[in-house]
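Following: one structure in structure tokens, then a few remarks.
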Amino acid sequence: MRLASAILCALALVPALAPAQDKPLVAESHVVKTLPANTTLQLDPAVASAASVNVPCTAGAAPASPHDGDIWCTTAGLFVRVGSTTVGPLGSGGGSLSTTGAPAAGQLAQFSGPTAITNGDLTGDVTTSGSLATTLAASGVAAGTYGSSTQVAEVSVDAKGRVTAAANVAITGSGAVANITFAPQGRLTLVSATPVMTADEVAKSTIFYDCYVGSSVPYYDGANDRVDTIASCEVSTALESSGAGLETAAAVFDLWWDHNAGPRLCVATNGSGGGWASDAGGANTARGTGYSQVHNVRGYWTNANTLTHCYNAATDEGPISPDQATYLGTFYTTAAGQTGIAMNPAAVSGGSNTIVGLWNGYNRVRITATSRDGHSSNWTYASATWAALDGSTSNRVSWVDGLRQSSVLTSTGIMAGASSVNTGIGLCLDSTTCTPAQVALNYNTSFSYLVATDAEPAQVGFHYEQVMQVTNGSTGDFWSSQTGPTAQQQYEALTLEQ
């Protein structure tokens with residue numbers, strides 16, 4: 001016996017039974033029976049030849065006042081009453097849906113009613129048009145790049161984070177950088193892309209300004225302090241040995257950053273090749289009162305007076321108004337249109353005459369420059385008067401300092417002596433006749449290695465430390481070099497920040 005058939009038969013045989021019966025009825029073999037109270041009605045599992053329950057649908061009608069738990073079927077489908085809500089019609093997949101219109105493959109679907117689906121498109125900020133491809137609505141802002149070295153971007157943003165307006169605003173007046181206190185961030189050098197040199201660079205006719213601690217240079221435009229960038233991290237100027245832009249030999253010159261000049265770098269002169277010494281009241285060891293005068297009133301060094309002539313190679317970038325050129329450093333010309341830095345030159349008879357001819361106003365590094373006398377044998381001296389070592393003014397190290405900011409420490413050593421003769425050495429600042437303040441003496445000894453030192457405060461302009469010699473008046477021997485197990489060479493070493 002199939003229980004499902006029994007239920008269907010019972011429904012067919014007792015149509016007049018009220019739903020209020022307190023005991024369920026079943027039909028078994030066409031006989032209607034009342035189930036005992038508290039009896040559980042259990043259905044057989046569905047099999048291939050029969051369902052567990054069959055509810056007729058072809059002639060069914062929805063009850064007027066369905067109760068929770070009621071199940072019925074009509075030509076529209078199967079319905080269930082749950083939680084005072086009619087659920088249905090139920091179909092495959094949980095319900096029966098119909099389509100309206102003619103939605104095509106790849107289109108978005110949307111409900112047009114509780115059981116109906118049609119095609120549609122997204123609207124609003126993101127839209128579609130007949131496919132799954134989406135389009136973001138234009139914000140109304142013109143596409144492009146906003147902001148530059150002279151403009152700042154001004155934008156409006158809505159509550160959804162969208163830029164709704166954008167404009168370029170010139171950096172002027174209140175847009176300028178005020179009270180700049182940082183120093184220029186590059187270094188002057190004689191080798192391209194090498195802000196710190198480690199080898200001798202002499203007889204150079206080009207000076208470079210490279211990025212070092214950064215790429216920015218402050219400048220004053222006459223109204224506000226602003227910032228320039230070292231283009232591609234290097235600018236340069238050629239030095240001229242004749243004609244326009246000439247830098248004469250053995251002179252001191254300043255290097256400037258000029259915002260208004262395309263090359264940016266320029267050398268201030270008197271217009272005829274003269275440096276500090278050609279300025280009013282100036283010398284190689286003192287700034288003048290005109291174009292070589294500098295001051296620091298903006299947090300960085302600038303020109304105190306108009307630079308009438310400031311050359312990048314042969315091009316005159318002058319005049320430059322007061323404070324509108326930023327000071328970068330100073331150099332000394334070892335020849336017309338040339339400068340150089342020697343740190344460890346070869347020994348030369350009479351001394352190397354070492355010159356540190358380029359000085360940075362900012363971002364200096366400590367270097368040591370040496371000079372050595374390459375005299376092939378010993379020489380003698382027999383005077384109690386101090387004189388230049390080996391009778392040569394090339395036994396010296398020279399340097400330039402643009403702002404009186406680099407103190408120097410110098411030492412010198414040599415083998416000297418003679419039986420019953422006092423010999424001595426020392427160092428003199430800017431003199432070949434002075435009596436050194438610190439000396440090294442050998443008293444009545446055949447030979448000994450003497451070492452003397454001298455510490456000098458910062459100087460401004462071009463200066464030198466000269467090695468000196470002396471005896472007690474008798475003939476003493478001085479050796480620039482010596483062979484054998486005690487071999488030691490003469491030297492002079494000057495350390496400063498360059």
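The values are calculated or read from the model by the stated rules, or taken from the named source; none is laboratory data. Remember, predicted model here, so these are calculated numbers, not experimental data. Counting neighbours? That spans all protein chains shown, and the Cβs are built from the backbone with ideal geometry, glycine included.
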Check your understanding: Does Asp228 qualify as being in contact with a Gly (Cβ under 7 Å, 6 or more places away or on another chain), in a strand (DSSP E or B) and in contact (Cβ under 8 Å) with a residue 12 or more places away in the chain?
Key -> no
Exercise for review: Filter region 307-324 down to residues that are assigned to a strand (DSSP E or B) and under 19 Å from Leu358 (Cα atoms), then give me how many there are.
Suggested key: 3
Check your understanding: Which one of these is closer than 19 Å to Arg298 by Cβ and crowded, with 19+ Cβ neighbours inside 10 Å: Gly214, Gly222, Gly186?
Key -> Gly186
Check your understanding: Any chance region 259-277 includes a residue that's in contact with a Pro (Cβ under 6 Å, 6 or more places away or on another chain) and outside any loop (DSSP other than H, G, I, E, B)?
Key -> no
**Study point:** For Ser383: the one exception among (1) touching a Ser or Thr at 6+ places or on another chain (Cβ under 7 Å); (2) farther than 21 Å from Gly473 by Cβ
**Key:** (2)
Exercise for review: For residues that are surrounded by fewer than 19 Cβ atoms within 10 Å (Cβ to Cβ) and not small (Gly, Ala, Ser), scanning just region 230-245, find the one that is nearest to the chain's Cα centre (by Cα).
Suggested key: Cys233
Point to revise | Close pairs from region 439-463: first surrounded by fewer than 17 Cβ atoms within 10 Å (Cβ to Cβ), partner of a type in the set (Lys, Arg), Cβ under 8 Å, at least 6 apart | key: Ala458/Arg404
Review point. Can you tell me which residue in region 278-306 is surrounded by the fewest Cβ atoms within 10 Å (Cβ to Cβ), limited to those that are in contact (Cβ under 8 Å) with a residue 60 or more places away in the chain and assigned to a loop (DSSP other than H, G, I, E, B)?
Key: Gly299
Point to revise | Residues (out of contact with any helix residue (DSSP H, G or I) (no Cβ under 8 Å at 6 or more places or on another chain) and crowded, with 21+ Cβ neighbours inside 10 Å) located in region 364-380 | key: Ala369, Ser371, Arg372
Review point. Any chance region 190-210 includes a residue that's of a type outside the set (Ser, Thr, Tyr), on the phi > 0 side of the Ramachandran plot, over 23 Å from the mean Cα position of the chain (by Cα) and at pLDDT below 95?
Key: no
Study note, to complete from the structure: Only one of (1) surrounded by 23 or more Cβ atoms within 10 Å (Cβ to Cβ); (2) under 30 Å from His295 (Cβ atoms) does not apply to Leu389, and that is (2)
Check your understanding: Of (1) modelled with pLDDT of 95 or more; (2) at negative phi, Gly461 satisfies all except one. Which?
Key -> (2)
Point to revise | One residue from Gly60, Gly93, Gly69 being out of contact with any Leu (no Cβ under 7 Å at 6 or more places or on another chain), modelled with pLDDT under 80 and over 30 Å from Leu132 (Cβ atoms) | key: Gly60
Check your understanding: Which residue, of Ala325, Ala336, is touching a Leu at 6+ places or on another chain (Cβ under 8 Å), buried (at least 24 other Cβ atoms within 10 Å of the Cβ) and of a type in the set (Gly, Ala, Ser)?
Key -> Ala325
Exercise for review: Please work out if Gly243 is modelled with pLDDT of 95 or more, under 18 Å from Phe331 (Cα atoms) and not hydrophobic (A, V, I, L, M, F, W, C).
Suggested key: no
